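I have placed the structure first, in the form of structure tokens, so that the comments after it can refer back to it.
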Amino acid sequence: VGARRNTLWGGEVSGSRTAVTSERIPAGARSFAVADASALSVGDNLILVHPSTQTWLDAIDGGGVALDPAWTPGDDDIVFNRVVTALDGNRVTVDVPVFYTLDRRRSESYVYVHNRNNLVTQVGVEHLRIDIQPGDAIEDHAWIGVNLVTVEDAWVRDVAVKGYGGSAIRTRTPTRATITDSQALDPLAQIAGERMAATST
């Protein structure tokens, strides 16, 4: 449901990118300073990117994985999709707080205005039962029941997914996606990581 691929809100309005200059943005903050806010306007769909630099990865023990390989630079950027609600010089205020503390010493974040290309809005799935049939091997069958990809104001309501391997419902770059009154039934997969989740991102 939505776009054909997960763009992670890629696609920026030309000339809108600017560096974040606040030394530290604590989790829960809604405002921060940028180098040049002249290309920004109240109401813009703003993307805030925290690159996964080697310095940041070193600070978080390579992602804190146990048996899996450590994360690598560029693979796990933190991306926030927000709306500009106020501008005061080069200080930007957004509608929703950041959920992770951004430290400029470890990663130099930046923002840009999203061009909203390939974004699907006002779309949902309702009143559906998905009964996935098993294959010859334990994981030889459909992996995801419903996949919401690059959507805004989307929903899944009154949906039952039976026999999935990975996730009954998965969200990939959603904004304001709601899942209600739905069921994840009898998953079928090996007992291992990244499997048999009711929902995942």
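Thr171 meets each of the listed conditions (1) in a strand (DSSP E or B); (2) open to solvent by 80 Å² or more (accessible area, probe 1.4 Å) apart from (2). The set of residues in region 39-52 being surrounded by 13 or more Cβ atoms within 10 Å (Cβ to Cβ) and either among the polar types (S, T, N, Q) or farther than 25 Å from Arg172 by Cβ (or both) consists of Ala39, Leu40, Asn45, Ser52.
Scanning region 73-98 for residues that are under 19 Å from the mean Cα position of the chain (by Cα), open to solvent by 60 Å² or more (accessible area, probe 1.4 Å) and over 20 Å from Thr150 (Cα atoms) turns up just one, Pro73.
Taken together, the residues in region 176-193 that are in contact with a strand residue (DSSP E or B) (Cβ under 8 Å, 6 or more places away or on another chain) and either at pLDDT below 95 or open to solvent by 70 Å² or more (accessible area, probe 1.4 Å) (or both) amount to 5. Taking the criterion of being open to solvent by 40 Å² or more (accessible area, probe 1.4 Å) and not charged (D, E, K, R), the residues of region 105-129 that qualify are Tyr110, Asn115, Asn117, Asn118, Val120, Thr121, Gln122, His127, Leu128. If you filter region 130-144 down to residues that are closer than 11 Å to Leu185 by Cα and either in contact (Cβ under 8 Å) with a residue 60 or more places away in the chain or in a strand (DSSP E or B) (or both), you find that the one that is least open to solvent (accessible area, probe 1.4 Å) is Ile130.
Out of Glu12, Glu23, report the one residue that is open to solvent by 40 Å² or more (accessible area, probe 1.4 Å) and closer than 11 Å to Tyr112 by Cα. Full working, then the answer.
Numbers: Glu23 fails: closer than 11 Å to Tyr112 by Cα.
None of the other options fit; the residue is Glu12.
The values are calculated or read from the model by the stated rules, or taken from the named source; none is laboratory data. Computed from a predicted structure; not experimentally measured. Here Cβ is always computed from backbone atoms with ideal geometry, including for glycine, and neighbour counts include all displayed protein chains. Keep in mind that these areas ignore ligands, DNA and RNA; they rest on the heavy atoms of the full protein, side chains included. Shrake-Rupley method; radii C 1.70, N 1.55, O 1.52, S 1.80 Å.
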